Every structure is written in C-alpha cells, then in structure tokens.
Amino acid sequence: MKLRVIFLVLSLLAFLSAASGGYFYYRSLRESAFREAERQAVNRVAVVQNNLDTFLSENVRPARTLAGMDALVRRLAVPGAAAVRAAAEEVLDHFNHSLGADVCYLMDRRGVTIASSNRLAEDSFVGKDFSFRPYFREAVRGRPATYLALGTTSGRRGVYCSHPVCAEEGGLPLGVVVIKASLEQIEKKLGTGGADIVLVTDPHGLVFITSRPDWLYHLLWERAAGDLEDLTRSRQFGSGPWPRVGLRHRGEHATVDREGIVYQFHRREIDSYPGWYVVHLRSLAEITRVVSDPLARITAPTVFSLCILIGLSVFFLYRKASLEIVQRRQAEEALRASEERYRSIYHRTPAMLHSINPEGRIVSVSDHWLEVLGYERDEVVGRPLTDFLSPESRVYAEREVLPRFFRTGFCKDIPYQLRRRGGAPMDVLLSAIGDRDAEGRIVRSLAVSIDISARKRAEEALTRAKEELDYYSRELERQVKMRTREINSILRFTPAVVYMKDLAGRYQLVNSRYEELFGVKNEDIRGRTDDEFLPREVADQLREHDLQVLAQGAPRQVVERIGRPDGPHIFLAVKFPIYDDAGAPSGVCSIATDATALKRAQDRLRRLSGGIMASQEHERAAIARGLHDELGQVLTALRIDAIWLEERLRSVDPAAAERALAMSRLIDHTIDEVRSIAMRLRPGILDDLGLVDALEWLATDFERRTGIACTFIHGDMPTIGGPAATAAYRIAQEALTNVMRHAGADQVTLDLRPAAGRLTLAVTDDGGGFDPGELGDSQGMGVPGMRERAALAGGSFAIDTTPGRGTTVTAIIPLEGEREGADDDQRLVG
C-alpha cells in the first residue's frame, strides 16, 4: 500500500513539474515577443520619420530654382503680354512634368493664381485666391515655407512648397511660386499589413496620413471645443466634421480604444514639422497570438502523450519495484551471513588491520592491532587515525595520502610512524584498498600495516653515510662554475648594454658593450654614480628611469636617448628590480638595445605610407573631377536632347516619344550614379565646406543607399581641413562600409567631437559585433588601413566590440596634425 502511495505522489509531482515548466515557458515566449515587437516598432517609426523628412523636403530646392526662372519674373512684371504668359506656363509645365508633382502654380502679391500647370483641368487653380494659406503668407514676406493640407479646390491632400519670386536678389517679392506634391505615394509605403497601424497626426491629433483608411481625418484623442474651432478656422483639412477614434493613454507605450482593444503605442516627432508625429500602433492581442497559437498546436498532443507515458511508467515501475524488493530481502540475508564470516576472519588474523570512514575516523581494528600498540578497543574506535601518528606522519597523511586514497581507492607501501600507548615510535608500511557503495563512492577502507622499524633504522644510517656528505658539495661547486661561465659569456658577447646598480645608484657591474659606449672600464666605475662620469642630461635620464622601476617594483620598458659621434642614438631598455634572499629589492638591472636603425626605418615607412595615401587622394580627386566635369556634362546634354526629342515626338509618334522618355529616365539614373561615384571617390564638399558637411552628406548617402538608419552628431566644430579632415572622412567611410557588409545593424551613429586640441570620431552600430582576436591583418575588414590613417595623422585608433553587442570604432586625431616625440616612442615600444 505504501509503495502505491509513493508512486502516486511521484506521478502527481511529475505532472505538476511539466505543467509549471510549460507555463513558465509560455510566459518567457510572451515577454520575448513583446520585447521584439517594441524594438521593431521603434525602428519602424524611425524609418518612417526619416522617409517623411526626405519626402516632405524634396521639393524645397526645386521651388527655389523655379522662383528664379526669368519667365516667371516677367509674367509678374508684365502680366498682360501673351508671349510672356505662354513662356511662364511652359516653364510651369516643364517643372511639373520633370518633378512628377501634382501641380505647379504662380500667385501674385494678392494671393490670386495667375498661372498653373493644371490650367486646362476642371479643378484649375487659375483665378483662385489662396491668400489665406500660411504658405503664401510666409513666402510673400520673403520666407520660403512648406505646408501640409487638404486642397480646397482639388480636394486632394498634399505637401506645399512655396518660395518668393523677386525681380532681383534681396528685393521685394513680386509673387509666390508653389509646388504641390501628392501624399499618395508616401501613404502606400506605410501599408504594413496585419495589425500594425502607422499614422501621421497634426498638432491637434488629427490623422492626416494613415495606413488605415477608415481613420483618415479622425481625431486620435479627445480635444477641447476651442481646439476644434481653431482647426475649422484654419481650413487646413477642410471644414470638418472630424470624428474621434477615442484612444486613451494607458501608460507610456500603451493605448486603448472604445472597443477595449489595447495597442502597443510609439510615436516620434517629425523634425521639420513641430507638433506633427509619426504614430505606430499594434494590437497586444495580435502580439500574444504570435506565441499562443503555435504553442497551443504543439502543447495539446504533447500533454496527452505525456499523461499516457506517465501512466505506463508508473505501472511498469511498480511491477519492477515489487520484484526488486523480494530480491533485496534475499540479498540482505546473504549479506548478514557474509558479514559474520568477515568479522571472524578480521579479528582472528595475526596482522595489524584497521578501517576508517571518509572522515578519516577509525571504524574497526583487529585484535592484533590493539595488542601490538597497547590500546583498548573503546579508546580507538571513533577517533581519527592521525591521532595515533607522529607529527610528521600526520601532516603527510592529511595533505597527501588520505586525499589521494579517497580519490583513487588504493595505496601501497605508505611509510608511517605510529605511536604506542607509552609514546614509543613504530615504523610501518601501510597498504589499503577502498570499499565502495553502489554508486562507486568509498565508504570505508581496509588497511594492513607491516612493522618495519628495524629496517627503517638501517636505511636511515646508510643514507646518512653515503649521500649527505659528498653529493651536495660537488653538485653545488659544479653549478656555480657553470652559471659563472654562462653569465660571463652573456655579458661579454651580447650586443646589448647591460649594467647593475644598488639602491643608491652606485654601479656594481657593467658589460663590455657599456664600456665601449661610454669609454669606461668596469673596475673604474664600480661604486660610482651616473653623475660622476656621464653628461648631465644622460645621467638624469638613466637615474629617473631606475627610480621609476624601483618605485613600481616591476619590470618596465623605456626609450632612452644617448648622444654618439654620429648623432643621437635611441636605445630600447628593459629595466627590472633585483631582490635579495629576503625578497626585498637590492638594486636595479638594465638591458638596453640600440634601436636607432629601427626608428629610422619606421620613419621612412611612415613617410612612404603618407606619400602613397596622399597620391591616392590626388588620384581620387582627379578621377572625380573627370567624372563630374566631362562625363557629367555629356550626360546632361544627352538628357536635354532626349527631353526635346520626347516633346517633339509626343503628338507625331507616341511610341517613339515613350522610348525617348525612357531614355531620359535612364540618363537621369546614370547622372545620379556618376555623381554618387564622384562624391565617394573625393567629395568636393570636403574641400569646399569642410569635414562636418562632408560627414553629414556621407551619413545621408549611406542611409539612402543601405536603408540603415544613420545619425550624425557633432558639437561646435572649428574649421577642419588638410590631412586631419581627410583621415577622419576616410576612417568614417571605411567604418560605414564595414557596417553595411558585416554588421547586420539596424542603426549606426557618427559622433564627431573636438576636445583639448584633438578631434574624436566615433562610429557606433547595434549590429552583431565580432571577436577582435579572430581578426587577421590580411582580412581585417579595412582595420589596418584605418589604423594607419589615424597614425599618419598623429592620432590613435581603437575598436570596442563584443559578439552580439555591436561595435564602436574610435579615432582620435590632433587638430594641428603634428605628432610629438612621445607618440613615436610609444610606437617604438609597442
């Protein structure tokens, strides 16, 4: 009955353990899904915000160019001339077609549209008064503006870019030119599918751009009546009404709608539109289903199978346990009979036998053991075996014999010295084996001791007679002679400069190379200090380094400069303290090697590398100029001809006109590629505007080409040019290339800071990182080149990375571009 209860309890515990494990596993998966969803939401909002910034500002420069066209200025200055009016309309049509805009139109100072690219459409802007629009009010005051609104005439949403039209630069505006671009393309890119919702809201919380069409022109949050009146008066989004979505905040990153659906909530402000936000919503229920649905499909059959397995296991275990209990009872009876026979043999044998447990305490001894040592059984059993050993044998047993025996289960001929009851010593040789339990652990020993007292005394006398006298004296003499010859040979023939001093700086020994270098003899300078025979600057240098070694108590590598007839020589010296027998420092030793040739070779190599890199930069600049000035002009001429050909063939041969239009697009793409290649070879912005603008262009171009979010941060920067700017730009360019090829990152940051006459550039990504120890010089992802560029500019270079935690590349470059002697010394020591 008890056995059945035990197995029932075990079965219940197994079921509870499986259920608990499944619950905690589900919780862990659910939390991981929420964290991953939040990370994806943050990245999604950042990408959408960057794309919106680019889209909303892409017509700012074309509007400025359009405002400077002579045909528009003449249209405003001479409003009645038909030729002037036709020329202005042709310019507006050309820009509208080239930019792919919704409409381009021209307004006079009163805000009335006098020319428009949609003049022939039913919703023509010509004659319409848009003076109430903020973008007109800003532009007519001489300030360009951008504006998001719903068209009052067309009824279509768009982004408006306006610019004043002036007869001369700095003069009063004659009118305003406007380029309106449709929001349909950017809205299509917001579509995410599933439960993700991406919105763009104005400062009142009105949804103006959305991946969920039924929320368009809805207010996300409850607003006061005064806010709604302001929204109506502005006519920015029509006359209303604006229904409410009814979202309510629940914490920093959670909202709930009227139906009780909880959303994960993230938003980010659009840089060029204060108060406008990119909002990302995702249903928490959808995130939970990512975990629960697959888990439910897997768990049901698993739980059913587990229950069947547990039932079968309990049944077979019960049957097997019953059989083993019967067999165990039979074995116990046989074991008791065997133990009785063992005890009889153990106590009656004429040998010293004993057993100890894993704690080293005696659990049994033979009668002969008690008889020889003179103890009673009650005085021995339960006490440590080491209590009956001499002090030396006790230490030997505790430190070596017992640990080794309980590890191996065997020992043989171990020399011990036992103590009889009266204290008389008894030398024995002990051998033992271990008795193990079912799990293989030693539970007790069976040991036999043999009395070797007489033999021990004879061996000790023989050892003292044969060895103690001759061996040590001859061996010591031989070793002293050998070491003396070796040291003398090293000091005599080594090309290094070697000396030894005491704590007061007095010379104890110098080698032949030292004598040759300073023109002295060993016997002449023994007991003298540096100040007594060396030039002042050399003596101070040597003494300062010696004191540093003694103060630190550790070896040190230093660079020392010593004048020679052919000029100053550089010595690479290793200095270390000398200790006496008590472990206290007694002096210092120096071993110096002439590194002048190595230093000169390093200087030549550095100059050669600098010249090669400078030549590379000149070649890049020449190639970039050739691409931009020659090939760029040819492609531009081809594009103009293609556009002219398309316009002439449009009414005559539409198919040929379409081919001419495709040719124009291909030429546009080729022009962009040529410009991009030229900029990457040698960006003119680096020479014209400086390092900050060049890095800002590099970050923008990198994000455009790779889709990886790239942020450029910089402090108040002085004007930086020359080798320092080139080195910083090339290091940043190579680091971003590595991020694109190897990092697998979602975001990268360029940080440029000036401090204490130095320029610090840091490139940080959130990618997979790597192990720097596995990076070889031949396949180092451009690391040797970046390090060499930093060194040639007089700076330093470092990489901080760990697998799975991203990478930071840091370059520190002096602004003045000059390296000091200390940097060269450090390079020589390294």
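Checked against (1) at positive phi; (2) in a helix (DSSP H, G or I), GLY440 passes all but a single condition, namely (2). GLU459 - would you say it is out of contact with any Ser or Thr (no Cβ under 8 Å at 6 or more places or on another chain), over 30 Å from ARG564 (Cα atoms) and either open to solvent by 80 Å² or more (accessible area, probe 1.4 Å) or assigned to a loop (DSSP other than H, G, I, E, B) (or both)? The answer is yes for GLU459. In segment 420-437, of all residues being under 16 Å from LEU389 (Cα atoms) and assigned to a strand (DSSP E or B), the one that is most open to solvent (accessible area, probe 1.4 Å) corresponds to PRO425. Residue-level analysis places ARG289 outside the set of residues that are open to solvent by 50 Å² or more (accessible area, probe 1.4 Å), modelled with pLDDT of 80 or more and outside any loop (DSSP other than H, G, I, E, B). Take the conditions in a strand (DSSP E or B) and in contact with a His (Cβ under 9 Å, 6 or more places away or on another chain) and apply them to SER449. Does it pass? Here the answer is yes, as SER449 does meet what is asked. If the condition is being open to solvent by less than 30 Å² (accessible area, probe 1.4 Å), at pLDDT below 75 and not polar (S, T, N, Q), then segment 563-606 contributes GLY567, ALA595, LYS599, ARG606. Taken over segment 741-751, the criterion of being buried (at least 18 other Cβ atoms within 10 Å of the Cβ) and at pLDDT 85 or above is satisfied by ALA745, GLN747, VAL748, LEU750. Checking each residue in segment 169-207 for being at pLDDT 85 or above and among the charged types (D, E, K, R) picks out only LYS180.
Hey, could you check segment 30-86 for residues that are without any contact (Cβ under 8 Å) to a residue 40 or more places away in the chain and open to solvent by less than 30 Å² (accessible area, probe 1.4 Å) and say which is nearest to the chain's Cα centre (by Cα)? Of everything passing the filter in segment 30-86, ALA71 is nearest to the chain's Cα centre (by Cα). If the condition is being polar (S, T, N, Q) and either loosely packed, with under 14 Cβ neighbours inside 10 Å or more than 15 Å from SER445 (Cβ to Cβ) (or both), then segment 375-403 contributes SER390, SER393. Of the residues making up segment 438-456, those that are within 30 Å of PRO358 (Cα to Cα), open to solvent by less than 100 Å² (accessible area, probe 1.4 Å) and without any contact (Cβ under 8 Å) to a residue 40 or more places away in the chain number 3. Within this structure, VAL559 fails the test of being open to solvent by less than 40 Å² (accessible area, probe 1.4 Å), within 19 Å of ASN511 (Cα to Cα) and at pLDDT below 85.
Among the candidates GLY240, GLY246, GLY251, the residue that is open to solvent by 20 Å² or more (accessible area, probe 1.4 Å) and within 43 Å of the chain's Cα centre (by Cα) is uniquely GLY251.
The values are calculated or read from the model by the stated rules, or taken from the named source; none is laboratory data. For clarity, every value in this text was computed on a predicted model and none was experimentally measured. Here the Cβ is made from the backbone with ideal geometry for all residues, glycine too, and neighbour counts use every protein chain on show. Just so you know, the surface numbers come from the protein's heavy atoms only, side chains and all, with ligands and any DNA or RNA stripped out. Shrake-Rupley method; radii C 1.70, N 1.55, O 1.52, S 1.80 Å.
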